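Engineer: Quick one: structure below, then a few questions.
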Amino acid sequence: MDADAVRDHARAFSDALVAGDIERATADFSKELKQRLGEVLALFPLPATEATVESVDHGGSSYTVVIRLAGESEDVEVQTRWKERDGRPTIVEASHLSRTARAAEAEAEAEMDAQADADAG
């Protein structure tokens, strides 16, 4: 397992999330993560509208991959840890790094508030 293989699997995972293909997205999950599937999937904005592999870093026996996902109302950065299992890169851990409301949503809300104020006045 090398950085290129991990990056390829991380891209496939990200693409599957955007496509809404949860079965394909979870194909690289460890047995332990699959047992907590609902909890793990709750980390990701679904449906996702776009995804980017931000970084792939090697440390010890694993790789840390940061994936940025855009949903309809928020952007999320998730850190995943990958290890080799059964000869292939496998996600063994996932955690939030950040969650940000989408600017377009905030602007739309501000416009609605301004319109409501104008209608009231």
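We did not get these values from a lab; they are worked out from the coordinates using the rules stated. Everything quoted here is computed from the prediction, not taken from an experiment. Heads up, the Cβs are rebuilt from the backbone with ideal geometry, glycines too, and the neighbour counts pull from every protein chain shown.
Engineer: For the stretch 1-104, what relative contact order do you get, as a whole percent, if you take Cα pairs closer than 8 Å and at least 6 residues apart? Before the final figure, lay out the partial values.
Structural biologist: Details: 206 pairs, mean separation 26.6, N = 104.
26 percent.
Engineer: Here is a further query. Looking only at the stretch 1-43, which residues have a backbone nitrogen under 13 Å from a spot 7 Å from the Cα of His58 in the C-beta direction?
Structural biologist: Label zone hits: 1-7.
Engineer: Could you order the peptides 71-84, 20-33 from most to least packed, using the average number of other C-beta atoms within 10 Å per residue?
Structural biologist: Highest mean packing first, the order is 71-84, 20-33.
Engineer: To check my understanding: the extent here is largest minus smallest coordinate of the Cα atoms along each principal axis. What are those three numbers for the stretch 43-102, in Å, largest first?
Structural biologist: 37, 19, 15
Engineer: I would also like to ask the following. Subtract the Cα-Cα distance of Ala42 and Ile22 from 0.36 nm times their separation in residues, and report this length gain in nm to one decimal.
Structural biologist: Numbers: separation 20, 0.36 × 20 = 7.20 nm, distance 1.21 nm.
That pair, Ala42 and Ile22, stretches by 6.0 nm at full extension.
Engineer: So how strong a dipole does the stretch 1-50 carry about its Cα centre when Lys and Arg Cβ are +1 and Asp and Glu Cβ are -1, to the nearest 20 debye? Each step should come with its number before you reach the end.
Structural biologist: Values: 6 positive and 10 negative charges, 38 e Å.
Roughly 180 debye for the stretch 1-50.
Engineer: Now for a separate question. Whole-Hz ³J(HN,Hα) for each residue in the stretch 74-80, computed from phi via Karplus 6.51 cos²θ - 1.76 cosθ + 1.60 with θ = phi - 60°, x for glycine and proline: what do you get?
Structural biologist: 7, 10, 10, 10, 10, 9, 10
Engineer: Given labels modelled 7 Å from the Cα in the Cβ direction, how far is it in nm from Glu77 to Glu32?
Structural biologist: It is 2.5 nm.
Engineer: If you don't mind, another one. Where in the stretch 53-68 does the amide nitrogen come within less than 19 Å of the point 7 Å from the Cα of Arg11, taken along Cα to Cβ?
Structural biologist: 53-58, 63-68
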